[in-house]
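Please read the structure below before turning to the comments.
The values are calculated or read from the model by the stated rules, or taken from the named source; none is laboratory data. Keep in mind it's a predicted model, so treat the numbers as computed, not measured. Counting neighbours? That spans all protein chains shown, and the Cβs are built from the backbone with ideal geometry, glycine included. Protein only, heavy atoms only, side chains kept; ligands, DNA and RNA dropped before computing areas. Shrake-Rupley method; radii C 1.70, N 1.55, O 1.52, S 1.80 Å.
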Amino acid sequence: MASAAEAMEKSVSGGMDGPSAAAASGGELVAELLGVFNELSERMGDGLATSSSSRMLFRALKLALPALGQRAQAQALAVAASLADLQMDAEVISGGMLREAVDAGAVSIGDVEAQIGAGTAQLLRESLRLEHAPTEVDLLDEDRASALRKLVLSSYDIRAVILELAVKLDMMRHLHEYLPRHQQRVKALEVMKIYAPLAHAVGAGRVSLELEDLSFRFLFPQAYDQVDQWLSGQEAECLLLIDAYRERLLQALNADGELSRTARSVSVQGRYKSRFSTMKKLVKDGRRPEDVNDILGLRVILDVVDGGASSQERACRRTHEVIQAMWKEVAGRTKDYIARPKKNGYRSLHVAIDVTEPGAKKMRPLMEIQIRTEEMHRFAEGGEASHSLYKGGLTDPAEAKRLKDIMLAAADMAALHLRDQPAAAGSDQGGGDPKNRAFRQLDNDRDGRISVEELIDLMEDLGAGGRDAKELMDLLDANCDGSLSSEEFQLFQRQVELKTTLKDKDDKYRKILKEKLQTPEDPGLIDVYRQELTDKLFTS
């Protein structure tokens, strides 16, 4: 009897000959399904990956994977992974997994409703309807674009908006592969004017930044290359500096006795300037490269003991004093939005720091440090009059509050029908380890073992045959009892995980070697075009 490790190597690699070749096809399908299921469950986290959610996600994978070709599968998985990273629920992730199949006509909305549920089907309907919304307005008319964003935020299920954002992100990452140049620019303009601001509005800041950068690349390729060369030339060093400064500042703040009396805990986040944001400052604002003072950025978030306004301000001011003792503050560059909040209610303290070492021959970019409490941060990221909502086109606090209520109601409704029912005594219905979740999806009769009939059911759902299932069972069934125990299945799962890890490392090494083995070109000095670019192409 072959070991489970040997079975995995044969079934996944397709290394069998003769009569066993069929099992390679079926085994590879099962391994792919399990690998994706495990990864998405882990990305979702224990709070979201309930047994109800796991069942829905597993059914969505069984429906989507056989309906898609290899390239379409990769797109579907990328969209689903983005949604899981955004901590979306199983309905949204399932919608992301099936969106490409529905678009291609390989799966109908009726199929989704029958096999996955009405919630996912409705999310797909709204996402598909939202896809065509930008074609109804003149994107160069900022008032109309803003009105469309407001309509989307107030009229659509916010989870359908987030689903569509994940679809657009994957589209932009591969736009050059399937559209001619002029159509690339039309799509990029649509994303820049509608979807990047919407991502800000729903709190998906990282998605928004990537959408902006990708759109910038297609709209103004020459300008993008100039900014990219300038930032790339110092990016590796700057990322190391950000990590070092973040750790240094965190240690100093944690060691400060005065701050510890007002703040329970401190977190420090780091970030490097995006291409689009840099371009706006160099071109639209007319700044010189040395005047861009936030290429390096840190954000301090304070958990204040007493939530009162005076305590919050005192904690922020003390943090500012610690920073002043560590680095040289750039005179005239501090922006005090605590004493003078923005019109939309935004509060934070922005401090520009010169981190160039004394006597150094090379000047380092200035670093901006934002200081805020957790309450200020929640308000900035998702509050009633937040910066993110402002970016999305909602400048009216009452409008923003209405959106917030809609978002919470949608989340509550999803939680209601995705939560687990109380488990019967002795049963195992909780989320648990992702690999155990996968075992439970195959153990349909809940007898603690996977029978050959249950494996045949899975194979047939994936488009493989009963013979594949029987041969795979023979390979994995170490004790020859005609079924798979949890332990035998776990060994199979470990081999699936190993295969995925090796593939990821191979991709990483390939990327590193590609960069190191090519001859670098001297980018020279930045040459930013200062020609007049219409303000209509930028989101204020």
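Taking Cβ atoms as reference points and 13 Å as the exclusive limit, the residues near Thr501 contribute a net charge of -1, counting Lys and Arg as +1 and Asp and Glu as -1.
Length gained on full extension, Glu177 to Ala244: 20.3 nm, using 0.36 nm per residue less the C-alpha separation. Rolled with a 1.4 Å probe across the full set of protein chains, the surface gives Thr334 an accessible area near 50 Å². With all pairs of different C-alpha atoms in the average, the Kirkwood value for the hydrodynamic radius of the range 69-192 is 15.1 Å.
With both labels modelled 7 Å from their Cα along Cα-to-Cβ, the Gln324 to Ala478 distance reads 6.6 nm. When the Cα atoms of the range 310-369 are aligned to their principal axes, the ranges along those axes come out at 42, 22, 14 Å in descending order. Stretched out straight at 0.36 nm per residue, the stretch from Asn444 to Ser155 would grow longer than its current Cα-Cα span by 100.1 nm.
Only protein heavy atoms count here; on that basis, with a 1.4 Å probe, Leu502 has an accessible area of about 100 Å². When Glu113, Glu91, Glu126 are compared by accessible surface with a 1.4 Å probe, the order from highest to lowest is Glu113, Glu126, Glu91. Compared with the direct C-alpha span, the chain from Lys505 to Ala118 gains 135.4 nm at full extension, assuming 0.36 nm per residue. Split the accessible area of the range 119-222 by element, probe 1.4 Å, and carbon with sulfur accounts for 51%. If you plug the beta carbon distance of Thr356 and Ser108 into 1/(1 + (r/R0)^6) with R0 = 45 Å, you get a FRET efficiency near 0.15.
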